[in-house]
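Input: a single structure, listed below in structure tokens.
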Amino acid sequence: MSDPTITTPSPVDVTGEARTGFSSRLGFVLAAAGSAVGLGNIWSYPTQVAENGGAAFVLVYFILTLMLAYPALVAELMIGRYGQSNPVSALEKLPTNRLWQPVTRLSGFIAVLMICLIFSFYSIVGGWIAGFALAPLFSLAGLNDAAQWLETFSPARNLILAALFVVMTLSVVNGGIKNGIERWSARLMPLLLLLLLVLIAMVMTQKGALTGLRHYLVPDFSLINTTLALNALGQAFFSMSLGVGAMMVYGSYLNKSCNLPVVAFQVCLVDTGIAFLAGLLIIPALFVAVDLGITIYTPEGQLINSDTLVFQVLPALFNGLGTLGIPVALAFFSLMTIAALTSSISMLEVPVSCLTERAGMPRKKAGLLICAGVCLVVALITVWFDPLFNGVIILTTHYAQPLDGLLFCLFAGWLMGRNRKLNELRQGWPEAENSLFWAIWPWYIRLVCPALILMIFFMQ
Ligand code: PFF
């Protein structure tokens with residue numbers, strides 16, 4: 001006779017430990033939105049907006065997010081939740097024909113490798129930002145030399161601060177899904193929103209802000225071209241953490257009773273919403289800086305590069321605010337550190353879940369091993385900074401993310417079969433079969449998404 005107190009066991013990894021997931025839908029949305037909202041929103045998106053003609057870029061970015069990134073996000077979450085395992089194993093389970101297994105497995109391994117590389121360059125930038133957040137505190141304590149060291153480019157600073165950022169990420173991921181990732185995302189995401197709103201309100205009161213607002217919100221359609229579209233596509237995939245397994249692994253921890261297209265839409269909404277707000281902060285801030293006599297365009301009329309923008313123009317702007325400048329700088333760089341941290345934890349979770357589930361390694365040991373490897377890559381990048389830093393960014397965000405994202409759409413579209421997709425949807429949405437979503441999405445990810453991604457890619 002069966003014991004009524006025994007419920008269906010959750011899947012176990014090879015260590016025999018049960019897999020725990022997010023405790024609530026809100027917890028999942030905050031964690032997944034935390035992964036999505038990061039330096040991509042607060043640093044890269046506003047810079048791309050400023051470099052690509054303001055509102056014209058915003059428009060194309062929002063359209064591509066809705067048309068390509070959203071359907072691809074549903075596909076990744078579905079693959080993860082169907083597989084109930086790390087991305088490599090989840091991808092392995094997709095094909096019914098074994099001949100395809102090496103292909104899907106390989107795409108999983110590439111995703112894991114790419115996310116480790118993303119984690120490496122992200123830690124370097126995260127470290128700089130943490131340094132800029134700490135510097136005002138050091139100045140207040142009278143430690144001016146230390147504050148200057150934190151803000152000045154050097155291989156030693158880059159390496160030490162990146163290692164600090166990696167350790168912060170590791171300490172969250174060590175806590176596991178519920179007590180680490182979910183708990184910290186739920187604390188940090190509302191704080192991030194609050195800081196963002198306070199900073200926007202502050203910048204809007206400054207002279208020059210309205211010119212920036214106009215640049216951000218009034219589009220000049222003649223600026224739309226294929227380069228702009230490719231940049232917007234890369235930005236959309238990077239911002240939604242697609243193509244490298246992060247959303248897949250979070251999907252695998254998502255409760256079966258959740259409605260996948262709805263939670264994906266909520267994540268999308270939070271991500272684009274925060275990006276939009278970050279634009280409302282940074283673009284007017286740039287024009288306030290111009291008003292204060294700070295240069296933001298080169299003599300050729302091009303926006304100065306993005307590092308200079310965040311690490312020179314904004315601090316100069318904060319200095320211009322007088323005594324208010326110190327708390328504002330602290331708030332701004334803390335905001336960026338929080339955003340970076342909620343993203344980096346999703347990056348580390350991908351290789352950690354693979355090592356714990358596929359190799360039977362305890363979570364803490366797996367985290368330590370991956371972080372040691374990442375620190376090694378960081379050290380290489382800091383030594384050969386110029387070629388490696390940009391090279392790794394271009395390889396991962398311009399090529400790997402859109403192309404692996406395209407493969408995941410094809411796998412979900414062609415290898416997963418209609419019935420398995422429908423069953424997965426129905427678990428959280430019993431009426432899914434009669435919905436408009438179900439009428440469109442399956443062929444959309446089979447044909448339209450891959451074709452559009454390839455088209456934008458090859459038109460470039
Ligand atoms: N979405 C993050 C951002 O906008 O900064 C970056 C990111 C996180 C990329 C997780 C990839 C990833 F797997």
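None of the figures in this text is laboratory data; all of them are computed from the coordinates on show. Computed from a prediction, not measured in an experiment: that's the story for all the values here. So basically every Cβ, Gly included, is an ideal-geometry build from the backbone, and we count neighbours across all protein chains shown.
So how much slack lies between T152 and M204, counting 0.36 nm per residue of separation and subtracting their Cα-Cα distance, in nm?
So the chain would gain 15.8 nm between T152 and M204.
What whole-number value in cubic angstrom gives the convex hull volume per residue for the C-alpha atoms of the range 334-460?
In the range 334-460, the Cα hull volume divided by residue count equals 191 Å³.
Scan the chain and hand back the longest stretch that contains none of the GluC sites (Glu not before Pro) lying in DSSP loops with at most 11 other Cβ atoms within 10 Å. Each step should come with its number before you reach the end.
Values: sites that count: E300, E431.
It works out to 1-299.
Scattering from the C-alpha atoms of the range 271-424 alone, worked out with Debye: what is log10 I(q)/I(0) at q = 0.10, 0.11, 0.16, 0.18 1/Å?
-0.62, -0.73, -1.20, -1.30
Using square roots of five times the C-alpha gyration tensor eigenvalues, list the equivalent-ellipsoid semi-axes of the range 20-150 in whole Å, biggest first.
Working: eigenvalues 265, 91, 50 Å².
They are 36, 21, 16 Å, listed from largest to smallest.
Which value in deg cm²/dmol, rounded to the nearest 500, describes the helix-derived mean residue ellipticity at 222 nm for the chain, given -39,500 (n - 2.57) per DSSP H run of n ≥ 4 and division by the residue count?
Computed mean residue ellipticity for the chain: -22000 deg cm²/dmol.
Across the chain, where is the longest run that never hits trypsin sites (Lys or Arg not before Pro) in a DSSP loop with at most 14 other C-beta atoms within 10 Å?
Segment 1-206 is the longest.
Take the Cα gyration tensor of the chain, multiply each eigenvalue by 5, square-root it, and list the three semi-axes largest first, rounded to whole angstrom. Don't jump to the answer; show the numbers that get you there.
Numbers: eigenvalues 272, 133, 81 Å².
Output for the chain: semi-axes of 37, 26, 20 Å.
If the label point is 7 Å along Cα→Cβ of L223, which residues in the range 246-287 have backbone nitrogen under 19 Å from it?
What the label zone holds, given the 19 Å backbone N cut-off, is 275-287.
Give the range of the longest stretch in the chain that excludes all chymotrypsin sites (Phe, Trp or Tyr not before Pro) found in loop regions by DSSP and having at most 13 other beta-carbon atoms within 10 Å.
With a cap of 13 other Cβ atoms within 10 Å, the longest stretch comes to 154-383.
Work out the FRET efficiency for N174 and F109 from their Cβ-Cβ distance, taking R0 = 25 Å, and round it to the nearest 0.05.
Plugging the Cβ-Cβ distance into 1/(1 + (r/R0)^6) gives 0.55.
Just to confirm my numbers, what's the Cα centroid distance between the range 350-366 and the range 45-117 in Å?
22 Å
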